[in-house]
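For reference, the structure is listed below as structure tokens.
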């Protein structure tokens, strides 16, 4: 696997959510399109999108104005004022890329941005709006209320298939697909759909575990797809008035090789989440994203390695992590820096040579072939490698032909038999899904989805069970050895015949704790009970709290170990004393 050299990239400023006087709720109808472009220039914005409500009329009107001026120029009939306006358009459009788009009001009032390349004919975009059930008589009204249109998932698919960039508008706010009042299953469906490219959020500049970007970082069990999160002004006026933002007053910086729609879309299709950031004033230092990752710590989707030497097994540990990420949910490795954010990075000597060697090792030792991206970055004056690993489409992936690794929270371990079966089934399902469109076009019947057979004698999980950690389901003894059945609460996989010697770290912790519990759980020292639910232990690892939980049911006790805060469902949050 040859290592690709990165093209030279630069940070550009984008505002992909702008309204114009073509929106019926625009607050300054006297504003011209030249005014909007001038304000974008004044705010230092490189790419903007006109996204009026359910119409592309604003972009069309600007184009028609320019075309009319050009026609008068050809006829040598331009008056001085018109000539000045045309020259100003040309000057600004050389500096600023203006993209056509719309803000669709989907069924139930959810807002979706559809943004297209500048060469996309306006008529095609208008036809697309008609396909999405915008009434013809309202196509130029720019109203946010247009009656019954298409549902959210259909809108995603139609815009994506038409070559557009699909962004959920102000996703965490009113009319957003990730707002607080959106039911859980609906929110999962609307934010994890493969036709959705990014979420526009209003809290991108905030820090903490409860921000929208942190929620959609790929570690939540119900939201395994990590989402690109950006911000836009949603400007309904030229300059903000304190309550409403103006052009370019809330923007995103993107790292691109050039200013174009294609490079912008490629960024949102990639698994590189360090190439966009909220724009801050020049006097405010831009944050070190590697240091930010260290402060988050190792988790399901990121790992840290101080060195990659063959001696001590460090190189092999990196390759095992790559394999595990590909088999699980994808992820990022940082090499040359440890997890402890207070410890200075060690760095990598000769990073280009190290990256080439790592790419060669991954190519030779992991099968089937896996495309990863290896980049060199700097943190605190030291060069480090960042390895971006996608979620593999052909699992299971193996090291040296036989060793299959998976990721469980912050731990990489060898997959056991039942987990390998699940990976094989996932690989077959993904192949079947990839072949389905071609079969449908050829008129071939679609086969039933391959599903794993139910595990005998294992009770199903309650709907409100925790979503992280492990459940110790049962224990049997054969020839003096205890064999445990455990369930991975993140994915529901059940693994039988686990022993203390074969268990990975979290399993080992769970069965060790399980073995020490008294028959009457109320006698557990320090336990806290709320009805039939109890917290047996609360402890902290790194920056995160973990919980051992118990639930009494008519069928017996259910025991959940190592549950993280993000895995707590509503009933359990009340028991452990956490607010939503």
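The values are calculated or read from the model by the stated rules, or taken from the named source; none is laboratory data. Please read these numbers as outputs of a predicted model, since none were measured by experiment. Don't worry about glycine lacking a Cβ; one is built from the backbone with ideal geometry, like all the others, and counts go over all protein chains shown.
Of the residues making up the stretch 458-466, none is at pLDDT below 90, more than 30 Å from the chain's Cα centre (by Cα) and loosely packed, with under 10 Cβ neighbours inside 10 Å. Taking the criterion of being farther than 22 Å from residue 299 by Cα and in contact with a strand residue (DSSP E or B) (Cβ under 7 Å, 6 or more places away or on another chain), would at least one residue in the stretch 369-383 satisfy it? The answer is yes, given that some residue of the stretch 369-383 is farther than 22 Å from residue 299 by Cα and in contact with a strand residue (DSSP E or B) (Cβ under 7 Å, 6 or more places away or on another chain). Within the stretch 559-571, the set of residues being modelled with pLDDT under 95 and over 25 Å from residue 304 (Cβ atoms) comprises 568, 569, 570, 571. Considering the stretch 280-371, the qualifying helices (runs of 4 or more DSSP H), each wholly inside and each with 3 or more residues that are more than 24 Å from the chain's Cα centre (by Cα) and modelled with pLDDT of 95 or more, run over 314-327, 351-365. For the stretch 194-222, a residue qualifies if it is under 12 Å from the mean Cα position of the chain (by Cα), more than 19 Å from residue 297 (Cβ to Cβ) and surrounded by fewer than 19 Cβ atoms within 10 Å (Cβ to Cβ), and exactly one does: 194.
Within the set 93, 69, 78, 6, the sole residue that is part of a helix (DSSP H, G or I) and either touching a helix residue (DSSP H, G or I) at 6+ places or on another chain (Cβ under 6 Å) or at pLDDT below 95 (or both) turns out to be 69.
Just to be sure, is residue 114 in contact with a helix residue (DSSP H, G or I) (Cβ under 8 Å, 6 or more places away or on another chain) and outside any helix (DSSP H, G or I)? Considered against the rule, which asks whether it is in contact with a helix residue (DSSP H, G or I) (Cβ under 8 Å, 6 or more places away or on another chain) and outside any helix (DSSP H, G or I), residue 114 comes out as yes.
Exactly one residue out of 451, 490 is assigned to a loop (DSSP other than H, G, I, E, B), modelled with pLDDT under 90 and either farther than 23 Å from residue 424 by Cα or not assigned by TED's automatic domain parsing to the domain that holds residue 408 (or both), and it is 451.
Candidates in the stretch 492-512 are the residues that are out of contact with any strand residue (DSSP E or B) (no Cβ under 6 Å at 6 or more places or on another chain) and over 16 Å from residue 413 (Cα atoms); of these, the one that is surrounded by the fewest Cβ atoms within 10 Å (Cβ to Cβ) is 512.
Would you confirm, using the coordinates I've provided, whether residue 29 is surrounded by 17 or more Cβ atoms within 10 Å (Cβ to Cβ) and farther than 28 Å from residue 263 by Cα? It is false that residue 29 is surrounded by 17 or more Cβ atoms within 10 Å (Cβ to Cβ) and farther than 28 Å from residue 263 by Cα.
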